[in-house]
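Shown next, in structure tokens, is the structure this report addresses.
The values are calculated or read from the model by the stated rules, or taken from the named source; none is laboratory data. What you see is a predicted model, and the numbers here were worked out from it, not measured in a lab. Neighbour counts run over all protein chains shown; Cβ positions are idealised from the backbone, glycine included. Quick note on the areas: whole protein, heavy atoms, side chains included, nothing else; ligands and nucleic acids left out. Shrake-Rupley method; radii C 1.70, N 1.55, O 1.52, S 1.80 Å.
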Amino acid sequence: YVGELDEQAVADYAAVGYVTGLGDQWSAYIPADQYAAYQMSSEGKGCGIGVTVVSGDGSVRVCLVYDDSPAAQAGMEKGDYIVGAEGLTVEKDGADAVIDAIQGEEGTDVTVSFCKEPGGAVQQVTMQRAVVTQKMAWGQMLDGNVGYLRIENFHEGSAAQFQQVLDGLLADGAQKLV
């Protein structure tokens, strides 16, 4: 081979080929530089501004803002539209590029542009990225002393969140659960 050789990259590509060759849909190779992010994700954590988004049709819509997250502190709300981040725009660079730009290293700043409705006035805020734990279980009281409890996913920590929500509903007088 003539030129510079990145031995780690070659080893990673060889491992990807090996695992792909197994033909097992449940097997995958995760390079070392991506493993920490994968592990955080499997624990229901992420490093960003503390929102869950849905993207499609050229938009990024906020469907959940985590309590006490950088986004909540900056005034973002469920239903807002993220239109850009770090100089990128959804219109020009695509939703995935903007979402990737929002994620990053804990404690670093990120500038995000958002609006309340498509074509509305754009607000630009700078937030500090933080590790945010997903809300995996939540609930509310319904009429007739019925407690509504929802489990979003089963990442590590979901059992503890479920128990906390259940205890709260029972303390609030829930006699039935949905």
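Take the range 92-116 and flag every residue that is over 19 Å from Cys63 (Cβ atoms) and among the polar types (S, T, N, Q).
Thr108, Thr111
Can you pull out the residues in the range 109-138 that are part of a loop (DSSP other than H, G, I, E, B), touching a residue at least 40 places away in the same chain (Cβ under 8 Å) and either touching a Lys or Arg at 6+ places or on another chain (Cβ under 6 Å) or open to solvent by 20 Å² or more (accessible area, probe 1.4 Å) (or both)? I'd like the intermediate steps shown before the answer.
Step one: filter the range 109-138 for residues part of a loop (DSSP other than H, G, I, E, B), giving 116-121, 129, 134-136.
In the following step, the residues that additionally are touching a residue at least 40 places away in the same chain (Cβ under 8 Å) were identified as 118, 129, 134-136.
The answer is Pro118, Arg129, Gln134, Lys135.
Please enumerate the residues belonging to the range 143-177 that are on the phi > 0 side of the Ramachandran plot and open to solvent by 40 Å² or more (accessible area, probe 1.4 Å). Before you say what the answer is, go through the steps one by one.
Taking the range 143-177 as the starting set, the residues that turn out to be on the phi > 0 side of the Ramachandran plot are 144-145, 157, 173.
The answer is Gly144, Asn145.
Would you pick out the residues in the range 58-80 that are over 13 Å from Ala130 (Cα atoms) and among the acidic types (Asp, Glu)?
Residues satisfying the conditions are Glu77, Asp80.
Quick grid of which residues meet (1) part of a loop (DSSP other than H, G, I, E, B); (2) at pLDDT 90 or above:
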{"residue": "Tyr13", "(1), (2)": "no, no"}
{"residue": "Val16", "(1), (2)": "no, no"}
{"residue": "Ala37", "(1), (2)": "no, no"}
{"residue": "Ser55", "(1), (2)": "no, no"}
{"residue": "Leu64", "(1), (2)": "no, no"}
{"residue": "Gly104", "(1), (2)": "yes, no"}
{"residue": "Gly107", "(1), (2)": "yes, yes"}
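For Gly144, state whether it is in a loop (DSSP other than H, G, I, E, B), more than 16 Å from the chain's Cα centre (by Cα), more than 27 Å from Glu105 (Cβ to Cβ) and modelled with pLDDT of 90 or more.
Working: in a loop (DSSP other than H, G, I, E, B): yes; more than 16 Å from the chain's Cα centre (by Cα): yes; more than 27 Å from Glu105 (Cβ to Cβ): yes; modelled with pLDDT of 90 or more: yes.
Yes, satisfied.
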